[in-house]
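Asks: One structure coming up, written as structure tokens, with questions to follow.
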Amino acid sequence: MIKVIFSDMDGTLLDDHNQLPEELPETIAMLKERGVLFGLASGRQYYSLLDTFQGYENDFLFLAENGTLVKYRGQELFSDTMDTETAKAILKAAEDVPHIFEVFCGKKDAYVRTEQHTPAFRAELGKYYSHSEPIADFHDVPDEAVKVSLWDETGHAEDTIYPLIREQFGDRMQVLLSSAWWVDVMNPGVGKGTAIHEIQKRLGFTPDECAAFGDYLNDETMMQAVTYSFAMENAVPEIKKLARYETASNNDHGVIKGIQRLVEMGLI
């Protein structure tokens, strides 16, 4: 039987207008009644996830920052911090690349250089980081980094910042293309799958008791960490190949329909 369901946010649980399925509260109530935990596995900041899911602070597992920070009922279950000097070196390498904006993703907050804390970037950043702080220089960040994120405002990160950072740091860091606009840099080996394995170990779940929904490349390890993996209809081909099942698109409430399928299979 399924004990926990993990879902990505963007392109998965959220539709293309960043709206949650209207059936979600009813579905969550059903899962809670049947003793099934719901986990959000996202590249978003922990506080951003809390703001989106007010009222569920003590119900959900929060796998924030692509799995580098996991919290449950306000307590940290797992985190994976980067070497601070390496984080600063990555940010420095991106500093002079046109159209690239940098974020130091800390355990306590997200930090952006004051000169880049523009209305346009704040609008984009606000989708994923509801708490951010302008800072004059990354040298004096009062926090530990769990991730570095880089935004290409032109939407061509795959051709601009991604190859540059991969060439300079790919031998010792994990460089992920999270979307056409965003690149995430983390410690090697860490990710949503690592976070799920830690949750399984600490809370006593097995892969056979876990399901997951995803759509993009940063969901790859999540697909591999559970038995009941679902690719969204809008997922990239690599995720569809990895997933055991396919469900409807994010715009057609595929997560809700996938959960209903699990119920029909007698697994919930």
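Asks: Please give the FRET efficiency for THR84 paired with ASN58, using the beta carbon to beta carbon distance and R0 = 30 Å, rounded to the nearest 0.05.
Replies: Efficiency for this residue pair is about 0.40.
Asks: If you count only protein heavy atoms with a 1.4 Å probe, what accessible area per residue comes out for the chain, rounded to a whole Å²?
Replies: 43
Asks: Just to confirm my numbers, what's the Cα centroid distance between the range 127-193 and the range 1-74 in Å?
Replies: Spelled out, the Cα-based centre of one part sits 23 Å from the other.
Asks: Same structure, new question: Would you mind getting me the FRET efficiency between ASP208 and GLU233? Use the beta-carbon distance for r and R0 = 25 Å, nearest 0.05.
Replies: So, using R0 = 25 Å, E works out to roughly 0.50.
Asks: More than 15 Å apart: what percent of Cα pairs in the range 1-83 qualify? Before the final figure, lay out the partial values.
Replies: Values: 1982 of 3403 pairs.
Tail fraction, whole percent: 58.
Asks: Still on this structure, please answer the following. Can you grab the distance from the C-alpha centre of the range 197-268 to the C-alpha centre of the range 85-124, Å, no decimals?
Replies: 32
Asks: How long are the three semi-axes of the equivalent ellipsoid of the range 71-219, in whole Å, if each is the root of 5 times an eigenvalue of the C-alpha gyration tensor, listed from largest down? Let's see the in-between values first.
Replies: Details: eigenvalues 143, 63, 47 Å².
For the range 71-219, the ellipsoid semi-axes come out as 27, 18, 15 Å.
Asks: Filter LYS32/LYS71; LYS92/LYS240; LYS147/LYS257; LYS32/LYS240; LYS201/LYS257 down to the pairs with a C-alpha to C-alpha distance above 30 Å, please.
Replies: Values: LYS32/LYS71 18 Å; LYS92/LYS240 36 Å; LYS147/LYS257 32 Å; LYS32/LYS240 28 Å; LYS201/LYS257 28 Å.
From the list (LYS32/LYS71; LYS92/LYS240; LYS147/LYS257; LYS32/LYS240; LYS201/LYS257), the Cα-Cα distance tops 30 Å for LYS92/LYS240; LYS147/LYS257.
Asks: For the modelled label position 7 Å from the Cα of GLU23 along Cα-to-Cβ, which residues of the range 219-235 have backbone nitrogen atoms closer than 19 Å?
Replies: Of the residues in the range 219-235, 229-235 have backbone N under 19 Å from the label point off GLU23.
Asks: Write down the Kirkwood hydrodynamic radius of the chain, to one decimal in angstroms, obtained as one divided by the mean of 1/r over all alpha carbon pairs.
Replies: Taking every pair of different Cα atoms in the chain, averaging 1/r and inverting gives 18.6 Å.
Asks: At 0.36 nm per residue, minus the direct Cα-Cα distance, what do ASP171 and MET1 gain on full extension? Give it in nm, one decimal, please. Each step should come with its number before you reach the end.
Replies: Values: separation 170, 0.36 × 170 = 61.20 nm, distance 4.02 nm.
Length difference between fully extended and current span is 57.2 nm.
Asks: Antiparallel versus total DSSP beta bridges in the chain: what percent is that, nearest 5?
Replies: 55
Asks: Using only the alpha-carbon atoms of the range 185-268, report the extent along each of the three principal axes, biggest first, to the nearest angstrom.
Replies: Largest to smallest, the principal-axis extents are 34, 29, 18 Å.
Asks: Let me ask something additional. Rg(Cα) of the range 1-145 divided by 2.2 N^0.38 Å?
Replies: Working: Rg = 16.8 Å, N = 145, 2.2 N^0.38 = 14.6 Å.
My calculation over the Cα atoms of the range 1-145 gives 1.15.
Asks: I'd like the orientation of helix 192-203 relative to the chain: the angle between its Cα long axis and the longest Cα principal axis, in ° from 0 to 90, rounded to 10.
Replies: That works out to roughly 50 degrees.
The values are calculated or read from the model by the stated rules, or taken from the named source; none is laboratory data. Just so we're clear, the structure is a prediction, and the values are computed from it rather than from any experiment. So basically every Cβ, Gly included, is an ideal-geometry build from the backbone, and we count neighbours across all protein chains shown. For accessibility, only protein heavy atoms count, side chains too; no ligands or nucleic acids. Shrake-Rupley method; radii C 1.70, N 1.55, O 1.52, S 1.80 Å.
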